[in-house]
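K.L.:
Have a look at this one.
The values are calculated or read from the model by the stated rules, or taken from the named source; none is laboratory data. Predicted, not measured: the structure shown is a model, and the values here were computed from it. Every residue, glycine as well, gets a Cβ built from its backbone with ideal geometry; the counts of neighbours run over all protein chains shown.
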Amino acid sequence: MAKVRKQTWRFEHPVYLLSTGTVVGPLEGQGPLAGTFDKEYPTLYCGEKDWVEAERALLRRSISFCLAKAGKAEGDVDFFLAGDLMDQTVTSNFIAREHRIPFLGLFGACSTSMETLATGALLVDSGYAEHVLCAVSSHNATAERQFRYPTEYGGPNNLTQTFTVTGAGAALVTREKGRVRVAGATIGRVIDWGVADANNMGSAMAPAAADTIWTHFQDTGRTPDEYDLIMTGDLSSVGSPILKELLIEKGLDISRQHQDSGLMIYSPDQPVNAGGSGCACSAVVTYGYLYQRLAEGSMKRVLIVATGALLNSVTPKQKDTIPCIAHAVVLESAKEEKR
């Protein structure tokens, strides 16, 4: 790995996504990206007795798909990196106890998808691992009751409020030749612009996304035109315009390349308020739809900027403001590379 300035990594050895696995819930399976996931459950229970078990089933199944497509068993995996939104990342912890794989639990809220992927790629590039399994999950019914209201409460929704994606995404990172290459990463800083409303995550996270994207282009010397897509994690319809405005003020225009996974996964007529959020939001879009586009070569290079609000269920009640972070990973098509 070569460090570029202070926050960006360029992987010096070929690092690939050998395979991915994606599993989603009912609303996600009815959205614009339906058919790009490995499995779409028809109910939030996902065949389990309660929502906690349902989220574990999502993560478990995404891992199974990922390993099966790569033709690998858990014994082939050197490290398992995972995270979720539940207190103490219990979904990841409980799934990790089912596998005899050295485990690192990571938490960056909704940015955890790219935090795990960047860390996994670093381990492979440095030679400390041959195969690293990176995975995240979120579930609407477990996260909403933890951060907002009990699910049965039926409280009114704020128009700036996002909707936690029910799903899980897993990726196997390796030096083995694959169709998608992990080319680099930019690690974000914690940014807090004083937003205290937990029902307005888009406004809170937009400055962190802007900081990481600006840093990435400063560090690499690239321009937005060198990317087919710059996708943020879950800024929603509220945070996305703020992000673009903040960057234009710095002289960087990403309007042509930018999309937000929270707006891509749902259609405007679905009951999701400002759009999707959650650890799985950027993960299932990246490991499903974008992985397929890169693998087939219809996209050449994308920048995935997963955003996270680093609060818990207590801090909003204490009137604390919301610290946020964004981690970026560069994925490139390896279709034209010689085998």
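K.L.:
Any residue that is farther than 21 Å from residue 295 by Cβ, aliphatic (A, V, I, L, M), modelled with pLDDT of 95 or more and not in a loop (DSSP other than H, G, I, E, B) - is there at least one of those in region 186-202?
P.N.:
Scanning region 186-202 turns up at least one residue that is farther than 21 Å from residue 295 by Cβ, aliphatic (A, V, I, L, M), modelled with pLDDT of 95 or more and not in a loop (DSSP other than H, G, I, E, B).
K.L.:
Follow-up. So for region 315-323 (the condition being farther than 18 Å from residue 9 by Cβ, aliphatic (A, V, I, L, M) and free of Cβ contacts under 8 Å to residues at least 12 places away in the same chain), does at least one residue qualify?
P.N.:
Looking through region 315-323, none of the residues is farther than 18 Å from residue 9 by Cβ, aliphatic (A, V, I, L, M) and free of Cβ contacts under 8 Å to residues at least 12 places away in the same chain.
K.L.:
Also, I was wondering about something else. Name, by its number, the condition in (1) touching an Asp or Glu at 6+ places or on another chain (Cβ under 8 Å); (2) at pLDDT 95 or above; (3) closer than 19 Å to residue 113 by Cα that does not hold for residue 224.
P.N.:
Of everything listed in (1) touching an Asp or Glu at 6+ places or on another chain (Cβ under 8 Å); (2) at pLDDT 95 or above; (3) closer than 19 Å to residue 113 by Cα, residue 224 misses just condition (3).
Quick grid of which residues meet (1) among the hydroxyl-bearing types (Ser, Thr, Tyr); (2) under 24 Å from residue 165 (Cα atoms); (3) touching a helix residue (DSSP H, G or I) at 6+ places or on another chain (Cβ under 6 Å):
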position	(1), (2), (3)
3	no, no, no
7	no, no, yes
35	no, yes, no
65	no, yes, no
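K.L.:
Among (1) within 18 Å of the chain's Cα centre (by Cα); (2) among the aromatic types (Phe, Trp, Tyr); (3) closer than 27 Å to residue 10 by Cβ, which single condition is residue 37 missing?
P.N.:
That leaves (3) as the condition not met.
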